[in-house]
Each structure stands twice: as structure tokens, then as C-alpha cells.
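Notes for the one structure printed next.
What follows is calculated from the coordinates using simple rules that are stated; it is not laboratory data. Here the structure is a predicted model, which means the values were calculated and not measured. Glycine also receives a Cβ, built like all others from the backbone with ideal geometry; neighbour counts cover every protein chain displayed.
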Amino acid sequence: MCDDAEQQAEEVEVLKSIYDGDEGFKQVDSKTYQYKYVDGEKSFILEITWGPTYPTEKPNFNLEIFYNQHLIPSVKEKILSIVNAEAEQWIGCAMTYTLFECLKEKVPEILAEQTEEAIVSSRVEKIVIEDQVDTSKKTEKKEQLTKAQKRRAWDKAEIGRGGEKPRGWDWVDIVKHLSQAPHHPTPTS
């Protein structure tokens, strides 16, 4: 077990030095690594996760990540069969680099089976989802008023531009009140 941990520590250093600056390589955590393979418009990511007894045992391979949702099942099966066959040959040795590199050579052959229809349908779904998101954003926008519209609304609120109510703003109410009061004749002297 200690030997496995030492080999893993050495392999981490080797992977970091080899893939330094390679945009396709990503270290997710201390035991999980990803590599992105691209062939023109087509691409996929292979994720390799080491178990506690790696490299004495094969690592785990994962293609069920969100980025790979467009891959058809037969392509996924082909990728996994290639990687599993290669891993069988390297049990007991550091193999992550070897596994990533063995796929690099076969990417055009692997992705040849990936039909354009699967890619197009996934793009159409993304466009539909983006359109749905865009329409919801449009309804959330507030109405933009021009300066003149804002000025008129401000004036209608009975508050002047200085922040005070205009002179005589309540005179109409006083006159109305007085006109409704009963009329008493004024005493003459």
C-alpha cells in the first residue's frame, strides 16, 4: 500500500511536468485527471480516477460527465474498451500518461462513428434552451423613460423640482371646504 502511494506521488509530479501548459489536461483533485480530445468540431473528455491501490489495480474511467452528453453510446463503449485494454497491459506501472496518449492517436478513428446528426441535435437543444432563457430575460427588463417622461411624472406627483411642494398646492382643498360649509350671514354692526 505504501508503495502504491509513493508511485502515485511520483506520477503526480510527472504528469504536472509533462502537461504543464497543455490546455487539454486538467487535474480535478489529487486522484482525478481529465484530458480533452478534439478532432475538428468533435471532442470529448476522458476522466481517470485512481483508487487507493492504483497502480496495482486499474484506475476508474469516466465518460459520464456533462461535457460528453453529445456522445452516442457506441462511441463511449469504443473509448472505454480501448482504454481498458491498454490499462490491462500496464497494471503495476504508472499508466495515466500512457492511457491519455494511446487515445490521442486514435481520436479521428473513434470520433468517425460519432454522427453529425447527434451533434446537430445537441446543438438544436442548446439553442432552444438559450432562446427560452433569453425570452425570460426580456420580460424582466424595466421600461426606460426619457428625461421628458420622467419630468412629467415628477410634476404629476405634486412635488416640484426642488423637492418641496409648490406654493398653493393645497389651496384648492381649502376653497372647496369653505364652499361646502353652511353659509352664515355675517353680523352687521
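Points to keep in mind about this one:
- Across the alpha-carbon set of the stretch 2-117, the Rg to Rh ratio works out to 0.97, Rh being the Kirkwood radius.
- Label-to-label distance for E41 and E77 is 2.6 nm, based on points extended 7 Å past Cα in the beta-carbon direction.
- In order through the stretch 11-28: 3J(HN,Hα) via Karplus (6.51 cos²θ - 1.76 cosθ + 1.60), integer Hz, x for Gly, Pro: 5, 4, 4, 5, 4, 4, 6, 5, 9, 4, x, 7, 5, x, 8, 9, 9, 6
- With 0.36 nm allotted per residue and the present C-alpha distance subtracted, the K142-A9 stretch has 42.3 nm of extension available.
- In a DSSP loop and with at most 15 other Cβ atoms within 10 Å, the GluC sites (Glu not before Pro) in the stretch 9-113 are E23, E41, E57, E64, E113.
- Karplus-derived 3J(HN,Hα) values for the stretch 51-65, using 6.51 cos²θ - 1.76 cosθ + 1.60 with θ = phi - 60°, are x, x, 9, 5, x, 5, 10, 5, x, 8, 10, 10, 10, 8, 10 Hz; glycine and proline are entered as x.
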